[in-house]
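The values are calculated or read from the model by the stated rules, or taken from the named source; none is laboratory data. For clarity, every value in this text was computed on a predicted model and none was experimentally measured. FYI the Cβ positions are ideal-geometry reconstructions off the backbone, even for glycines, and counts take in every protein chain you see. Protein only, heavy atoms only, side chains kept; ligands, DNA and RNA dropped before computing areas. Shrake-Rupley method; radii C 1.70, N 1.55, O 1.52, S 1.80 Å.
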Amino acid sequence: MTKRPLEILDQALNQKPVIVSLKGGREIRGILQGYDVHMNLVLENAEEESNGVIKNQGTLIVRGDNVIYISPSIN
Amino acid sequence: MTKRPLEILDQALNQKPVIVSLKGGREIRGILQGYDVHMNLVLENAEEESNGVIKNQGTLIVRGDNVIYISPSIN
Amino acid sequence: MTKRPLEILDQALNQKPVIVSLKGGREIRGILQGYDVHMNLVLENAEEESNGVIKNQGTLIVRGDNVIYISPSIN
Amino acid sequence: MTKRPLEILDQALNQKPVIVSLKGGREIRGILQGYDVHMNLVLENAEEESNGVIKNQGTLIVRGDNVIYISPSIN
Amino acid sequence: MTKRPLEILDQALNQKPVIVSLKGGREIRGILQGYDVHMNLVLENAEEESNGVIKNQGTLIVRGDNVIYISPSIN
Amino acid sequence: MTKRPLEILDQALNQKPVIVSLKGGREIRGILQGYDVHMNLVLENAEEESNGVIKNQGTLIVRGDNVIYISPSIN
Amino acid sequence: MTKRPLEILDQALNQKPVIVSLKGGREIRGILQGYDVHMNLVLENAEEESNGVIKNQGTLIVRGDNVIYISPSIN
């Protein structure tokens with residue numbers, strides 16, 4: 001079974017939170033509410049952990065060129 | 001409910017201030033008055049906090065490639 | 001009232017000096033005499049402040065990919 | 001025998017895990033389940049080793065511009 | 001009077017030397033003999049100053065993506 | 001005799017190993033089995049030397065934007 | 001007399017060695033045997049000087065995005 005990267009994003013819409021790893025070491029977690037071909041993302045209930053403190057960010061529009069990877073599954 | 005990133009920007013136009021996180025650690029807050037497909041942004045009453053001092057910047061045109069994320073909700 | 005980023009640039013043409021913040025921390029001030037879709041800019045009577053000394057640069061053509069933001073209003 | 005880069009990716013689909021070397025020194029291993037022309041990748045059962053600890057990442061969508069190389073063979 | 005960035009370059013052709021500020025802090029001075037839409041430049045009698053020593057470079061083809069700004073006027 | 005860069009790559013296919021110099025100082029050696037217009041490369045029997053130790057990498061798909069230069073001749 | 005950047009490259013083909021200055025401070029000298037619109041270059045009898053030692057590189061295909069400038073004249 002073969003799947004294009006954007007198909008996987010499509011399946012992750014409005015599911016359990018995804019983890020988004022950003023360039024520069026930041027990591028954001030949130031419910032994927034939308035995306036486009038540039039991997040621009042809409043995250044709902046987004047949270048960023050920094051030095052052990054979780055910051056609630058609400059809705060975030062992440063510009064795709066900052067993304068390293070997106071993990072649809074929570075470990 | 002699924003939303004494209006630019007739709008969210010559209011809904012944020014002329015609402016409460018958005019927070020724009022820029023590469024290099026800068027963060028700007030202002031009323032989103034416009035945008036385009038590159039995520040170039042027009043911010044009104046823009047403010048930048050630096051070392052605890054808030055600098056009032058008036059209108060700003062932010063070039064989209066500097067943007068990490070945009071948060072339409074103020075926490 | 002909604003405005004595209006390039007419209008704002010258009011309104012700033014030949015008005016009071018704009019401030020252009022560049023990647024790498026440089027800041028240039030000058031009268032905006034022209035621009036294009038890449039945000040390449042033409043600045044007249046451009047000035048750059050460095051270590052408290054103002055350097056008069058005359059006309060400058062700034063390549064758009066260096067721009068972080070443009071502020072049409074002088075604070 | 002000559003092979004285009006994307007043909008090799010195609011042959012590696014759903015085979016033994018591939019190793020993906022990322023900019024910034026990270027290395028991820030997983031089963032290649034999909035890709036596109038930007039070298040965006042879908043990795044299944046992805047694992048990242050960091051300081052001798054293997055972190056299980058589940059499914060990952062890696063944005064292609066982070067990739068240095070992909071090795072379809074495990075050494 | 002409004003002028004597109006490339007018009008200014010056009011007017012600077014074969015006039016007095018221009019100053020080209022490059023990413024990484026280098027600055028080159030020379031007679032602009034040509035350019036294209038990427039801001040690739042042809043400089044004649046190009047000179048680069050480094051640690052107070054002027055190095056004569058003859059003709060240079062500068063790749064546009066290195067350019068920060070071009071100053072057609074010598075101060 | 002004039003040759004386009006991609007013609008030289010074409011002549012180097014399945015010949016003696018090429019040396020690929022990558023951004024960040026890495027150097028990989030292998031038999032060029034394929035390429036595309038982005039300079040994405042397929043290398044067979046790829047080897048990377050690091051701190052005097054040669055690591056055998058098997059087949060590698062190198063993303064073109066990491067390439068500084070390719071040397072078809074072994075010195 | 002006005003000349004486009006690529007015209008100058010065309011005139012430099014198979015003439016005296018050109019000097020190519022690369023991002024990261026490297027400098028390569030060689031006979032220009034080919035180029036394309038991205039400023040990808042083919043250099044013959046390429047030489048790189050490093051710490052006073054000249055390394056003979058034979059034929060090199062340099063990816064254009066690494067180029068700062070090309071100097072067709074030897075000083």
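Some observations on this one:
- Axis-nearest residue of B (beta carbon) for the B-onto-F rotation, whole Å: B:Asp65, 8
- Counted over segment B:5-71 with a bin width of 10 Å, the fraction of Cα pairs per bin, in whole percents, is 23, 60, 16, 1.
- P(r) tail fraction, the protein assembly as shown - alpha-carbon pairs more than 31 Å apart, %: 54 percent
- Between the C-alpha center of segment D:1-71 and that of segment E:1-42 there is a gap of 43 Å.
- With R₀ fixed at 25 Å, the C-beta to C-beta distance from B:Asn45 to C:Asn45 puts the FRET efficiency at about 0.35.
- Remark: for residue pairs E:Lys3/E:Lys23; E:Lys16/E:Lys55; E:Lys16/G:Lys3; D:Lys3/F:Lys16; F:Lys23/F:Lys55, the C-alpha separation exceeds 22 Å in E:Lys3/E:Lys23.
- Net charge over other residues, Cβ less than 13 angstrom from the Cβ of D:Ser71 (K, R count +1; D, E count -1): 0
- In this structure the amide hydrogen of F:Val18, modeled in the peptide plane, comes within under 5 Å of the amide hydrogens of F:Gly30, F:Ile31, F:Leu32, none closer than 5 places in sequence on its chain.
- Of the solvent-accessible surface of the protein assembly as shown, computed with a 1.4 Å probe and all protein chains present, 48% belongs to carbon and sulfur.
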